[in-house]
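Below is one structure; the comments refer to it alone.
The values are calculated or read from the model by the stated rules, or taken from the named source; none is laboratory data. Keep in mind it's a predicted model, so treat the numbers as computed, not measured. Methodologically, a virtual Cβ is constructed for each residue, glycine included, from the backbone with ideal geometry; neighbour enumeration extends over all protein chains shown.
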Amino acid sequence: MLPVMSEITPAPAASRRWLTLVVVGLAQLMVVLDATVVNIALPSAQTDLGFSDGDRQWIVTAYSLAFGSLLLLGGRVSDLVGRKRTFLIGLVGFAGASALGGAAATFGLLVAARALQGAFGALLAPTALAVLTTTFTIPKERSRAFGVFGAIAGAGGAVGLLLGGVLTENLDWRWNLYVNVPIAVVAFIGAAILVPAITREGARPRLDVPGTVLVSGGLFGIVFGFSHAETDGWDAPLTWISLAAAVVLLVAFVFWQRRASHPLLPLGIVLDRNRGAAFLTVLIAGAGMFGIFLFVTYFLQVQLGYSPIQTGLGFLPMILMLVLAAQLGNNIFLPRFGPKVMVPIGLTLLTIGMVYLTHLSLDSVYVADIMPPLLILGFGMGSTMPGAFQSATLGVDRSFAGVASAMVNTSQQVGGSIGTALLNTIAASAATAWVDAHAKTATLAADAAIHSYTTVFWCSAGLFAFGAVLTALLFRRRSQGLSLSHAAPPTGELAVAH
């Protein structure tokens, strides 16, 4: 039996651990909000650079394609090269790509910069969660830290809408990209000082190149296929070719991981019941939350006539409730009841909030019809995400913390891509059916839009309800597995022999 690779991570002092959380939180916020902050800037960027309506989706898609397809590679690189080094490289690269995009004078350069952002984000996001996982091993502190991290992950999209509105209205669309530079500088300085370097003992494992190619190609096919379905329809040949190729590549990846001597993703990470349930939770939440952010934004801006800043402020109660719920859940409820209770409750609250939103009409007002369901949705998301994030990385060997963390981000990204394509398609079909079935009136277009929104909200409610039942069945009872409040730090569960 050859020796097992191990890592020795110096245990940072308590004050340094919490400062590390601030640094990691800044990096995570930067990556998450960048998926939405640019959306508000698109009309201004289109006017400035002169690209077509058909081309503008590539500003968003270039980021999601690079980010989604390279996440598992980024997570494994952090395991092999070292989390501190990968984190710093990711910050520098993300900041540089953001500055390049902000200064872009052509459409092509802006798209290239967004793709670079996605690539460096794929390094940064899983490494940030892996740093958190290996920094906080004391159960009570771990719960609090993951509460903050889960709140950032859940609220980042809404924060992006608010920040995008403020920057676009008061400065320029380019500042939606430039804003990452000062954030990255602060995070870089903090990480250089606070994140401990890792001393590695034993042989360094090799990168699983075939596995990397297979899974990166498969994830690219999923994200591209669903993105293409959103713009060109489900009957477009390229949509089905991409999705079919993705299935073939991912099946081949699974078979390869079973026989690879240095697997990119040991299947035990995914097949563990609690971790598998956690990944499914993040995927379902990522898909369903799209219905909240996009279609509530449309309603506020188109039907109620809100400005971008007012729209962002409209989501503020949800953000505050999400942060409150995440802290209450991690410090009080999750240690007592575990994810088997808390995650289904959170998804049930998300279902209730979505059902509440189905009652929107042209006569709806914010205080009575929008804010209450947003508060419920915020509490539901704050109750769901921290428990899922903890379960997804709990018990994983340190040498695979990066790739396990990458699976969390991959689940969220794939869920978002699926939600974008499916819910947009459902909304468009519902609006068309409404117009065809009703006589022309002055409010026909507005009524059709409202019908499309409520149809999407019902679909999202059904998705969350399905998730609540599924996670209630999948998560182990506390007596059957590791306790979140008393779990030992990661040991050698998934260490690879060399």
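Here are the numbers:
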quantity	calculated
Residue within region 388-397 that is of a type outside the set (D, E) and touching a strand residue (DSSP E or B) at 6+ places or on another chain (Cβ under 7 Å) present	no
Members of region 357-398 found to be among the hydroxyl-bearing types (S, T, Y), surrounded by fewer than 24 Cβ atoms within 10 Å (Cβ to Cβ) and part of a helix (DSSP H, G or I), listed by number	Y366
The one condition in (1) at pLDDT below 90; (2) of a type outside the set (S, T, Y); (3) more than 25 Å from A287 (Cα to Cα); (4) touching a helix residue (DSSP H, G or I) at 6+ places or on another chain (Cβ under 7 Å) that D208 fails to fulfil	(4)
Some residue of region 436-445 being buried (at least 17 other Cβ atoms within 10 Å of the Cβ), modelled with pLDDT under 90 and of a type outside the set (D, E)	no
Any hit, region 272-292, residues being of a type outside the set (D, E, K, R) and either in a loop (DSSP other than H, G, I, E, B) or closer than 19 Å to L167 by Cβ (or both)	no
Subset of region 329-351 [among the hydrophobic types (A, V, I, L, M, F, W, C) and more than 22 Å from the chain's Cα centre (by Cα)]	I332, F333, F337, V341
Selection count, region 134-167, where residues are closer than 26 Å to G288 by Cα, hydroxyl-bearing (S, T, Y) and modelled with pLDDT of 75 or more	0
Region 216-242 residues that are surrounded by fewer than 19 Cβ atoms within 10 Å (Cβ to Cβ), paired with ones that are assigned to a helix (DSSP H, G or I) and β-branched (V, I, T) (beta carbon under 9 Å, 6 or more apart)	T231/T61; D232/T239; G233/T239; G233/T425; W234/T425
Entirely in region 6-104, the helices (runs of 4 or more DSSP H) that have 3 or more residues that are under 18 Å from the mean Cα position of the chain (by Cα), hydroxyl-bearing (S, T, Y) and at pLDDT below 85	53-81
Matching residues, region 302-327, being part of a helix (DSSP H, G or I), at pLDDT 80 or above and more than 22 Å from the chain's Cα centre (by Cα)	V302, Q303, Q310
Cβ pairs under 7 Å, 6+ apart, first in region 448-476 and more than 26 Å from T432 (Cβ to Cβ), second surrounded by fewer than 23 Cβ atoms within 10 Å (Cβ to Cβ) and of a type in the set (G, A, S)	L474/G276
Selection count where residues are at positive phi and not in a loop (DSSP other than H, G, I, E, B), scope region 232-250	0
